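The values are calculated or read from the model by the stated rules, or taken from the named source; none is laboratory data. Keep in mind it's a predicted model, so treat the numbers as computed, not measured. Every residue, glycine among them, receives a Cβ derived from its backbone with ideal geometry; neighbour counts consider all protein chains shown.
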Amino acid sequence: MLNVLILFAVFANGQNTAIKAADSTGDEKLPNGGHSCTSDDDCGDFRGYCDNKTAKCICYEKYTDSKCNYARKSQLTAFLLSLLISGVGAGRFYLGLTLSAVFQLLIGLCTIIIPIVAGCTIFCQKGKITGIFIFLSFLFGLASFGWWLADSILTGTNQLQDGEGVYPYSW
């Protein structure tokens, strides 16, 4: 599965810990630090520090890119949004995966709207309903459940990248 190489670096005072995480498969689009530096100011405002031995920026866990300017998303937030309100695409909107979030929202709305239309058809036509409404209700409900399950697993195991191709920081 996903192998993540984690290197810990500690400030001289021993209180602040930085973490450098890089996807071992090389899928991350943004590097995690690596910009040449002479002082901590070169590595973003309190988002990383300059490693004196290598003269390269090392980003804190919640930031990435060469100068530690990109704020990574939270795995916990993405997981809770996917687990609790996945039917409206909340987790994917949070991660910046807008196109798939819109499709998830449409499927979620169809899961709600089609049974309402079917109920109105039953009420208006005194019990007569076409099989298509039952089939579509089942189909969209199954698709919505499957997507909820997949997103909950992917965000829970931190295997879903955000819109920039960066994995959220772990909980």
Given the conditions (1) closer than 28 Å to residue 91 by Cα; (2) surrounded by fewer than 17 Cβ atoms within 10 Å (Cβ to Cβ); (3) modelled with pLDDT of 75 or more; (4) out of contact with any Lys or Arg (no Cβ under 8 Å at 6 or more places or on another chain), report the number of the one that residue 70 does not fulfil.
-> (2)
Would you confirm whether any residue within the stretch 101-122 is under 17 Å from the mean Cα position of the chain (by Cα), of a type outside the set (Gly, Ala, Ser) and not in a helix (DSSP H, G or I)?
-> no
Of the residues that make up the stretch 141-162, is at least one β-branched (Val, Ile, Thr), farther than 26 Å from residue 63 by Cβ and buried (at least 16 other Cβ atoms within 10 Å of the Cβ)?
-> no
Name the residues in the stretch 51-91 that are assigned to a strand (DSSP E or B) and closer than 17 Å to residue 154 by Cα, would you?
-> 74
Scan of the stretch 40-89 for residues that are small (Gly, Ala, Ser), under 17 Å from residue 167 (Cα atoms) and touching a Leu at 6+ places or on another chain (Cβ under 7 Å), ordered by number = 78
Matching residues in the stretch 50-65 (more than 21 Å from residue 75 (Cβ to Cβ) and surrounded by fewer than 24 Cβ atoms within 10 Å (Cβ to Cβ)) number 7
